[in-house]
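Reviewing the structure listed below.
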Amino acid sequence: MSYYYEKISENNGLPAKFMLSQCTDLTIPAHWHDYLEVLYMMEGELTAVVQAGSYLLTPGNLMIINSKELHMTRANGSVCYILLQISAEHLHNFLPSGTELHFQTMIAPADNGEVFSGLRQSLEHMLDAYTRQDNGYQFFFAAKLYEFLYHLYRNFCTLSPSAPETGANRDLERVTQVMDWVRNHFQKPLTLDDAAASLAVSREYFCRLFKRYTGQTFLEYLNSVRTMHLYEDLKNTDDSITVLMEKNGISNYKVFMRTFKKLYGDTPQKIRSEIREYFSPELPS
């Protein structure tokens, strides 16, 4: 798989990455990782696109994103959710060699009663342990994590050998080729026609295909990639915003500002000011 790969690392002393995420109007562009990802919605609404399927998460919903699945999320206003990520390698330590795991994507409380209640309680116990961080909390957290995975595995998982290539898989691979092309050439002038031509398909067909698998238009994705690279430069250099825009292939200031605020919640000038303030505290007089 060649589309945007997200690197994940476990929290210190824990067998998983765990956090309580709170954000407002934040879009995370299409990406994948080698981790099973669990989202438990606590407040607000979150739109997600997973392998071309579109989902709306509301409080109480549980979403499972399997390892290597292409996905993106968009917060609709202010949201709060539990995020749990556990590596595919770690999961496979408990299973026969060659076993493929695939978990159900959406799990709603109304349809699963007592089982869902057990999953929710395990997550809430993990959150409480992680928040308090009492002495030895890692043992309790791990116990509740494996309790959660046990119920998930028993009730919402299928085991199968590697799936043969299908038309949908081929379409997904074509989209990932374009995403890879964007990541390698985002600093250059790129157009929708260029992207469609790279797959030898019509502009209209390409637009439908790309939106279906990423949840974004091609230009939205291109702008997101450029803006994320500019954000990294913003944190690590003193170059002006104008210089950084030119470096990262951004020519439309209005579109750039709209994209930046959507991704990071504020203007680049404000973000840079906050970064400098954080890393350069005033010395006592």
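So here's what we get for this one:
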{"quantity": "Relative compactness, the range 1-139, computed as alpha-carbon Rg over 2.2 N^0.38 Å", "calculated": "1.05"}
{"quantity": "Square roots of five times the Cα gyration tensor eigenvalues for the chain, Å", "calculated": "33, 27, 17"}
{"quantity": "Residues in the range 85-115 reached by a label modelled at ASN169 [backbone nitrogen below 20 Å; 7 Å Cα→Cβ]", "calculated": "88-89, 97-105"}
{"quantity": "Loop-located GluC sites (Glu not before Pro) in the range 113-211 whose Cβ has at most 14 other Cβ within 10 Å (DSSP)", "calculated": "GLU165"}
{"quantity": "Solvent-accessible area per residue, Å², over the range 68-203 with all protein chains present [probe radius 1.4 Å]", "calculated": "54 Å²"}
{"quantity": "Inter-site label distance for VAL115 and GLN269 at 7 Å from Cα along Cβ, in nm", "calculated": "5.5 nm"}
{"quantity": "THR24-ASP238 FRET efficiency (beta carbon distance; Förster radius 41 Å; 0.05 resolution)", "calculated": "0.90"}
{"quantity": "Accessible surface ranking that places the most exposed of CYS80, CYS157, CYS207 first, with a 1.4 angstrom probe", "calculated": "CYS207, CYS157, CYS80"}
{"quantity": "Exposure rank, largest accessible area first [TYR81, TYR150; 1.4 Å]", "calculated": "TYR150, TYR81"}
{"quantity": "Rounded Å value of the spacing that divides the Cα centres of the range 2-61 and the range 181-239", "calculated": "21 Å"}
{"quantity": "Heavy atoms of ILE250: accessible area, 1.4 Å probe, square angstrom to 10", "calculated": "20 Å²"}
{"quantity": "3J(HN,Hα) from dihedral phi, the range 108-113, Karplus parametrisation 6.51/-1.76/1.60, rounded to Hz, x for glycine, proline", "calculated": "9, x, 5, 8, 10, x"}
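The values are calculated or read from the model by the stated rules, or taken from the named source; none is laboratory data. Source: prediction; values computed, not measured. All Cβ positions, glycine included, derive from the backbone under ideal geometry; neighbour counts span all protein chains shown. With ligands, DNA and RNA removed, areas are computed over all heavy atoms of the protein, side chains included. Shrake-Rupley method; radii C 1.70, N 1.55, O 1.52, S 1.80 Å.
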